[in-house]
Amino acid sequence: MRLLFLSNTHCNTNKQVIDQLKSWVIPDRRVVYFSSSPDPSRKYFADVAGWFKDAIGISNMAYLDANSSALEIADLQNAGAIYLSGGNTYHLLQALKGTGAAKIIRQLAMESEIPIIGVSAGGLCLTKDVRAATAENDAGITDFSGLGLVDFGFYPHYKPDAASQDEINAFVSLTGIEEVFALPEYSGLAVTKDGLTPLGEVTRFVKGSNSPEILPGSDPALVS
């Protein structure tokens, strides 16, 4: 298993995030970008593709969304990495499940070392429950289960203020999830069979505790 949780890649210069991806991505295969919503102009895809080219040195990328064919979805198995985009979490979850991509990605994550990169909404979809999302559920989702690849909750775009802490505490109360990892804009959290590695600063919230803690190994200087 190789999972990478991020809040953002746009203008992300965090060296630990970049080095982690350089070491993980299979260079002779495509990075497959799965969009939370159809992006006809490829505006958001182009931004991510530009970041991969400039920061990671990868220019071979493919685009998928809810309208992709079954053949295109099946080809996820040949990816060098899979990037689940930011955007509306509920739209993305619906697209992943509706196309069958969720089943393929879960299998790849459990049985291979193909990196799965979850950015904001994409990271939420890798967890057991996506209701930490602040997006409107205008897709009418009633099954909030994500891919269930980790036991913890994920909170992207974290700011150390009362509003963020209230949202995290409400999510814990709603779901009963024991711990939540919160990432500011340019931090990352790498997950492998060997455990968790903070890339930048990661804050841990534990059910029943009013005192969040900085995950050991965090380096706030990388994301300042």
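We did not get these values from a lab; they are worked out from the coordinates using the rules stated. Just so you know, these numbers come straight off a predicted model, no measurement behind them. Using ideal geometry, Cβ is built from the backbone for each residue, glycine included, and neighbour counts are taken over all protein chains shown.
Name all residues of the range 85-99 having a backbone nitrogen under 13 Å from the label point set 7 Å from the Cα of residue 47 along its Cα→Cβ direction, giving them as ranges.
85-88, by backbone N distance to the label point.
Considering only the other residues whose Cβ falls under 13 Å of the Cβ of residue 14, what net charge follows from Lys and Arg at +1 and Asp and Glu at -1?
Details: positive: 15, 22; negative: 19, 185, 201, 219.
So the surrounding residues net to -2.
Given Cα pairs under 8 Å that are at least 6 residues apart, what percent is the relative contact order of the chain? Write down the numbers at each step before the final one.
Values: 479 pairs, mean separation 52.1, N = 224.
Once divided by the residue count of the chain, the mean separation gives 23 percent.
With runs of 4+ DSSP H residues as the only contributors, calculate the mean residue ellipticity of the chain at 222 nm using -39,500 (n - 2.57) per run, divided by the residue total and rounded to the nearest 500.
Details: 7 runs with 65 residues, N = 224.
The helix contribution divided over the chain gives -8500 deg cm²/dmol.
Mind counting lysine pairs for me in the chain? Cα separation below 28 Å, and the two need to be 8 or more apart along the chain or on different chains.
23
Run the quick spin-label model on residue 161 and residue 211: label points 7 Å from Cα toward the beta carbon, then report their separation in nm to one decimal.
My value for the distance between the label points is 2.5 nm.
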